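*Asks:* So that we are looking at the same thing, I have put the structure below in structure tokens.
The values are calculated or read from the model by the stated rules, or taken from the named source; none is laboratory data. This structure is a prediction, so every number in the text was calculated from the model and none was measured. Reconstructed Cβ throughout: ideal geometry from the backbone, glycine too, with neighbour counts over all protein chains shown. For accessibility, only protein heavy atoms count, side chains too; no ligands or nucleic acids. Shrake-Rupley method; radii C 1.70, N 1.55, O 1.52, S 1.80 Å.
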Amino acid sequence: MNYSKDIEIKAGNAAYYFRFLEWDTDFFGKRSYILEPEKSSLIVLPPIKEMIETTFQDCFVTLKIESTCSKELLDFFQTLGFRYIDTEVTLRYSKALQDKASTDGNIKIIKLEENKDLPYQELGSVFSLTRFHYDVHIRSDKADLLWIQYIKNYKPSPASHMFIAKLNGETAGIILVNENEENKTVALFFVSVLGKFRDRKVGSELIKHVVRYFDGHELTTETQIRNIKAINFYIRNGFSVLAATKTVLHRWN
């Protein structure tokens with residue numbers, strides 16, 4: 001089997017589609033996949049268990065499944081060695097509920113066409129409550145490095161956007177946005193503000209700019225349920241509609 005490709009495991013009417021994660025594989029030094037429920041038919045069958053155990057040896061597999069899934073299915077994944085990490089919430093933007101508080105007029109937002117010469121260490125180290133930080137298989141410094149490397153290797157493109165906030169000539173914060181032009185949706189993530197610029201509304205200004213830039217699109221963002229500070233931040237900035245919750249599980253073997 002070619003492990004550089006996605007894997008689909010099928011038996012009877014059941015189908016489990018796993019997408020290969022090249023970046024994660026390089027970072028962890030272990031073949032990495034994520035189960036894609038929307039491409040799968042998640043029926044519990046004994047042959048599926050045996051095939052998954054045989055196929056995914058010495059691998060890291062992520063599962064994000066609707067929190068309303070059946071207990072039978074959740075128990076099935078537990079028997080396969082998947083362990084609960086966190087609950088991911090998807091929030092949708094509602095213009096009517098955006099915080100109208102004014103922001104610092106000295107903040108300048110710039111859309112980058114090239115990712116270079118940014119304070120990657122400081123931007124990536126802002127995150128400490130991600131699903132990787134809660135996984136006992138990943139050291140805290142390794143989880144920090146993951147986000148530092150992620151921002152450093154992010155490549156702006158027609159569908160992947162990078163905006164930075166400048167304050168007094170210095171990079172104060174950043175936001176990343178993935179766009180799906182076909183269905184007019186955008187997902188914003190990686191809102192990071194450097195420590196010395198906190199409480200200056202830098203994050204809020206970044207979100208306001210993205211909202212204006214993608215006027216006419218549906219905007220969503222995701223965060224972890226245990227990251228109360230992030231959830232409150234997004235709600236204050238208009239992401240006040242709970243669109244979905246997903247149970248996040250990891251499997252190392």
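*Asks:* Mind ranking 70-80, 32-42 by how tightly packed they are, going by the mean number of other C-beta atoms within 10 angstrom, highest first? Before the final figure, lay out each step's value.
*Replies:* On the way: 70-80: 13.6, 32-42: 16.3.
Highest mean packing first, the order is 32-42, 70-80.
*Asks:* Of the options 244, 228, 168, report the single residue whose Cα projects farthest towards the positive end of the charge dipole of the chain (beta-carbon charges: Lys, Arg +1; Asp, Glu -1).
*Replies:* About the Cα centre, the residue reaching furthest to the positive side is 168.
*Asks:* Okay, moving on. Between residue 225 and residue 149, take the C-beta separation as r, use R0 = 25 Å, and let me know the FRET efficiency to the nearest 0.05. Each step should come with its number before you reach the end.
*Replies:* On the way: r = 25 Å, r/R0 = 1.01.
Plugging the Cβ-Cβ distance into 1/(1 + (r/R0)^6) gives 0.50.
*Asks:* Continuing with the same structure: In Å², and per residue, what accessible area does the chain have when probed at 1.4 Å with the other protein chains present?
*Replies:* Details: 13010 Å² over 253 residues.
Per residue, the chain has 51 Å² of solvent-accessible surface.
*Asks:* Calculated from DSSP H runs of 4 or more alone, at -39500 (n - 2.57) each and per residue, what is the 222 nm mean residue ellipticity of the chain, nearest 500? Don't skip to the end; give the middle numbers.
*Replies:* Details: 7 runs with 66 residues, N = 253.
Value at 222 nm, helices only: -7500 deg cm²/dmol.
*Asks:* At most 11 other Cβ atoms within 10 Å and a DSSP loop assignment: could you name the GluC sites (Glu not before Pro) in the stretch 143-206 that fit?
*Replies:* Details: sites: 170, 179, 181, 182, 205; in loops: 181, 182.
Hits after loop and neighbour filter: 181, 182.
*Asks:* So, one more: What full-extension length gain, to one decimal in nm, is calculated for residue 22 and residue 43 as 0.36 nm per residue of separation minus the Cα-Cα distance?
*Replies:* On the way: separation 21, 0.36 × 21 = 7.56 nm, distance 2.72 nm.
This chain segment gains 4.8 nm when fully extended.
*Asks:* Accessible area of the chain with a 1.4 Å probe: how many percent of it is carbon plus sulfur? Let's see the in-between values first.
*Replies:* Details: 6460 of 13010 Å².
C and S atoms contribute 50 percent here.
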